[in-house]
């Protein structure tokens, strides 16, 4: 992997050039609330102008014009600006909220259409969660960087304009400091930035280790390692302490450098003012307004540099979002289909999650219709992968999969997947009522149909015994039910879906023998008139299956009835134990 | 209303502060430097005002102005140094104290607080400094306000009358801000929780959503969650508008008041324009000090509230490690005599009496929820029986030193706890001495882990990720078994330790364990009834009670539950 790693500097350059283009593309895709943005900008510019006028009137007052008119005007300006700036904050917050809403929706729509293989480096679970959390990056870019840059820039220009109207030489002194200020801010921004980033990741790492240490305290107790762990903890907190102190010193250094620029500016301004005032080329009012404006101006310039640095921080997140928005979606074209039936057949199917590592290397097998087939093999042999290919979560690299003799890839994806229903190990229950959970993915369901499904899944009795029957709320992941109860609800859901093909993934894992054998009867009932595939690595399912398919090291080594298959597979003979010889 | 409770809380918080050494000198330094910095700022103001008004006189004003500007910048920076040292020091000492306590905490208290313990240690510890700092800040603020008011009154006494007005306004706006903040946070937290819960729970089922073809349904639900988040955002924005108008208006109002009162004074000649400008600059400084004063109460309450959890945890009892005697070298029977135990008012084990014979293989069976795991935790002495006692031979287990007791037992859980580190680190975790490569490999071989370790990049140096996240469930279990075997324990407890393994690996591991533990005490919880014929002794639990205890044949004859379990097993095989 290290061999062809590109030069980091060049990558950075290319990324930076691409960033702006990506930003623009993103803005187009995420439906910005343009009207709100324009109102915000107009208001903001109005408030800036009010501020400039306010400073000018203050200068006029201090220059000796203490007339009632000036004072009234000044007070009016202060109050209007107060109102205006509050309004700007409000409009800004609403705009932010709108941007976030639009962005989250767009991202969610997109994510739901992503193919499984988009998530190669992380589990889909983490990936999806992180993506939707990342939605705020667009809002941050616009409201915390782009718009503030505009308003800081406008402030600087407005101030220069006003000072220029008093005396052109003063505005020159102001301008002369801009390059120096930018240079220093840039230098310190750069130093700080690189140090902070490294420290932040170091800090996060230490925090994580501390968190893990704390989580593992029971382990330390069981192994009587309390003293060693305490030492480890002291070491970690010590390192955190040194990191914090270092960051604080850096902060001090940064504010020192900023103050240094301010001081230099104060020196230059004082000297200029002294000469211009003493030879009478400017009056007191011009000087006072210049003096007051100076802090506004240098504030605006500092802000500009800060926002510029912010932009760099945001880039990473924006890149990631842009990458997702550009990603290929699942192809939904193809022939529509309903009520598919028939045998499922795999011919010479090869597949690997990465190019260099194959999971399935030439699979040939059949899952006959109206039959329960057990898919057997040791953990990691490729059983789940095979099922993922059947439901078209992934596409095979070569080979064909057919249903009733026709290639499954010819059908429209959504229609095709609707023919399958999966009952997973956990049952996929979420917080919500029993009814919501059972009807999930099945559209509108009548009460009778719901009752029938619950009865058929032998869930009716225990559901009715719950405090509110079908309207009882389940906890997160259905934690207030037993494993068997969760599976029954999942079966009821599968029955309601009217999908012809039912896939059970390790349905009786971590269940005691009594509960597991009861569940098998439920599954047998559900299998009537359907095609069922059961993934298993415990022998309990053999009571359910009419046929078996054995997967070993990425190929099917035996299939058929148990007795037929057992002749070809030593694995199966061992696995099934007594049952084969019966 | 809650006076009694409040008092109790403060008492606990004070106890928390007594448990660490507080660097008082740093806080003292903070006060002294704070006052010095205010003094410099007050000296600086007249010169700055003269500069602002263009009164340069002969130019000496400029020199002093610049010198004081430099000095006040430096003072502002130096002032912060003791404060960040104090903050980091207190946080570190608090963290160390808390970790030490958590490690010695009794298991029940630990389990109750387990989910929050991490955030208490990583975040809440910094609140301890917040409490002291708010008091220190109050004292410094008072002194600074007093100093600025003295300087102001030197200009004109009548205008100092503004100060009480400002103070009242500050109190009002602080109160209002607190109220609004509360409303905002409550709404914000709710909306955030809703969205997060939706994302975490629903979108985490990404694969299943596709399998259940429910994209449209998810989209509708997701949009609803996003929409309610948007509404909460707008609600918060409206509150911010009010807050900004009231809170942000103070400095504007001060300026207005200064002009309204000051300009007539200038016009009738009692003060000069320069003095008016100076007054404005002073009052801004005074305002900064004053504004921190009314928040003392709120911040004290806030920090006290935040420290509540830590101080409660510190009040929980620790385990007693030193007991009466060391553990016998020779192995003994483990005898439960009328042991009852429950979580809160929920009984788990009721009046359990049985013997786990030494040097034998004992199988513990029973339906889910019958109390099997609790039984193991009682053996490990993570819990103390509510009534009854456990004996090691004839000696009460309670009398044996805790570390020695736990060191002779190796305990493997169904969901083993591993830590981020290499395979080797994890396998050798329990060892008090450096391990040889050969030993580690032997333990891995016995646990059927050698083969998969060899295939991992780096082999024994492979980093397994947080809680072993880069390994499969079966691989994690085998690692935990290897770790237990490394200890060469006198007693081995296996709680469904092989349930994530496929049948073959499971058999191989079990065979190896039985071989190794020949003649030593082994206790297994398992759903695998094949083990029944291979074990020497069986304990059947049902609903927290011992239904049978004895050799397999005897137990089977006496226990309907065991018979049912066997029937269910035969039915499927």
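Restricting the search to segment B:347-356, which residues are more than 11 Å from residue B:544 (Cα to Cα) and either crowded, with 16+ Cβ neighbours inside 10 Å or under 29 Å from the mean Cα position of the chain (by Cα) (or both)? First the steps, then the outcome.
Just the residues of segment B:347-356 that are more than 11 Å from residue B:544 (Cα to Cα), to begin with: B:353-356.
If the condition is that a residue be more than 11 Å from residue B:544 (Cα to Cα) and either crowded, with 16+ Cβ neighbours inside 10 Å or under 29 Å from the mean Cα position of the chain (by Cα) (or both), then B:354, B:355, B:356 are the ones that fit.
Once segment A:203-215 is narrowed to residues that are surrounded by fewer than 21 Cβ atoms within 10 Å (Cβ to Cβ) and under 11 Å from residue B:117 (Cβ atoms), the residue that is farthest from the other protein chains (Cβ to nearest Cβ) is A:215.
Do we have residue A:112 as in contact with a helix residue (DSSP H, G or I) (Cβ under 9 Å, 6 or more places away or on another chain), under 30 Å from residue B:208 (Cα atoms) and at the interface with another protein chain (Cβ under 7 Å from one of its Cβ atoms) here? For residue A:112, the condition - in contact with a helix residue (DSSP H, G or I) (Cβ under 9 Å, 6 or more places away or on another chain), under 30 Å from residue B:208 (Cα atoms) and at the interface with another protein chain (Cβ under 7 Å from one of its Cβ atoms) - is met.
Yes/no per residue for (1) within 11 Å of chain A (Cβ to nearest Cβ); (2) in contact with a strand residue (DSSP E or B) (Cβ under 6 Å, 6 or more places away or on another chain); (3) surrounded by fewer than 17 Cβ atoms within 10 Å (Cβ to Cβ); (4) assigned to a helix (DSSP H, G or I):
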| site | (1), (2), (3), (4) |
| --- | --- |
| B:22 | no, no, no, no |
| B:31 | no, no, yes, yes |
| B:37 | no, no, no, yes |
| B:44 | no, no, no, yes |
| B:52 | yes, no, no, yes |
| B:58 | yes, no, yes, no |
| B:65 | yes, no, no, yes |
| B:73 | yes, no, no, yes |
| B:80 | yes, no, no, yes |
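Just one of the listed residues (A:490, A:499, A:524) is in contact with a strand residue (DSSP E or B) (Cβ under 9 Å, 6 or more places away or on another chain), part of a helix (DSSP H, G or I), touching a residue at least 40 places away in the same chain (Cβ under 8 Å) and farther than 26 Å from residue A:566 by Cβ, and it is A:490. If you check B:454, B:441, B:447 for being crowded, with 23+ Cβ neighbours inside 10 Å and either at pLDDT below 90 or more than 13 Å from every other protein chain (Cβ to nearest Cβ) (or both), only one passes: B:447.
Taking the condition at pLDDT 90 or above, over 30 Å from residue B:143 (Cβ atoms) and assigned to a loop (DSSP other than H, G, I, E, B), does residue B:341 pass? Before the answer, list the steps.
Numbers: at pLDDT 90 or above: yes; over 30 Å from residue B:143 (Cβ atoms): yes; assigned to a loop (DSSP other than H, G, I, E, B): no.
The answer is no for residue B:341.
Condition check for residue B:383 on (1) in the same structural domain as residue B:339 (by TED's automatic domain parsing); (2) surrounded by fewer than 17 Cβ atoms within 10 Å (Cβ to Cβ); (3) closer than 22 Å to residue A:226 by Cβ: one failure, at (2). Entry remark, segment A:487-518: residues being more than 32 Å from the chain's Cα centre (by Cα) and within 10 Å of chain B (Cβ to nearest Cβ) number 9 in total. Only residues that are at the interface with chain A (Cβ under 9 Å from one of its Cβ atoms), surrounded by fewer than 16 Cβ atoms within 10 Å (Cβ to Cβ) and outside any helix (DSSP H, G or I) were counted in segment B:470-519, giving 1. Among the residues of segment A:409-451, write down those that are part of a helix (DSSP H, G or I), more than 12 Å from chain B (Cβ to nearest Cβ) and out of contact with any helix residue (DSSP H, G or I) (no Cβ under 8 Å at 6 or more places or on another chain). Within segment A:409-451, A:409, A:410, A:447, A:448 meet the criteria. For the condition closer than 20 Å to residue B:255 by Cβ and buried (at least 16 other Cβ atoms within 10 Å of the Cβ), residue A:40 does not qualify. Residue count for segment B:93-132 under the criterion of being under 30 Å from residue B:286 (Cα atoms) and touching a residue at least 60 places away in the same chain (Cβ under 8 Å): the result is 5.
Matching residues to (1) exposed (fewer than 15 other Cβ atoms within 10 Å of the Cβ); (2) outside the structural domain of residue A:430 (by TED's automatic domain parsing); (3) modelled with pLDDT of 85 or more:
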| position | (1), (2), (3) |
| --- | --- |
| A:449 | no, no, yes |
| A:465 | yes, no, yes |
| A:469 | yes, no, yes |
| A:479 | yes, no, no |
| A:489 | no, no, yes |
| A:493 | no, no, yes |
| A:504 | no, no, yes |
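Restricted to segment B:183-274, the set of helices (runs of 4 or more DSSP H) holding at least 1 residues that are more than 30 Å from residue A:66 (Cβ to Cβ) and under 33 Å from the mean Cα position of the chain (by Cα) comprises B:206-211, B:215-247. Take the conditions (1) surrounded by 20 or more Cβ atoms within 10 Å (Cβ to Cβ); (2) at pLDDT below 85; (3) at the interface with chain B (Cβ under 9 Å from one of its Cβ atoms); residue A:251 misses just one of them, which is (1).
For (1) more than 10 Å from chain A (Cβ to nearest Cβ); (2) surrounded by fewer than 18 Cβ atoms within 10 Å (Cβ to Cβ); (3) over 17 Å from residue B:26 (Cβ atoms); (4) modelled with pLDDT of 95 or more, each residue gets a yes or a no:
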{"residue": "B:95", "(1), (2), (3), (4)": "no, no, yes, no"}
{"residue": "B:99", "(1), (2), (3), (4)": "no, no, yes, no"}
{"residue": "B:102", "(1), (2), (3), (4)": "no, no, yes, no"}
{"residue": "B:105", "(1), (2), (3), (4)": "no, no, yes, no"}
{"residue": "B:111", "(1), (2), (3), (4)": "no, yes, yes, no"}
{"residue": "B:114", "(1), (2), (3), (4)": "no, yes, yes, no"}
{"residue": "B:120", "(1), (2), (3), (4)": "no, no, yes, no"}
{"residue": "B:125", "(1), (2), (3), (4)": "no, no, no, no"}
{"residue": "B:129", "(1), (2), (3), (4)": "yes, no, no, no"}
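Residues are listed down the side, and each one gets a yes or a no for (1) under 30 Å from residue B:106 (Cβ atoms); (2) within 9 Å of chain B (Cβ to nearest Cβ):
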| site | (1), (2) |
| --- | --- |
| A:220 | yes, yes |
| A:241 | yes, yes |
| A:263 | no, yes |
| A:275 | no, no |
| A:280 | no, no |
| A:287 | no, yes |
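The values are calculated or read from the model by the stated rules, or taken from the named source; none is laboratory data. Source: prediction; values computed, not measured. Glycine gets a Cβ as well: all are built from the backbone with ideal geometry, and neighbour counts include every protein chain shown.
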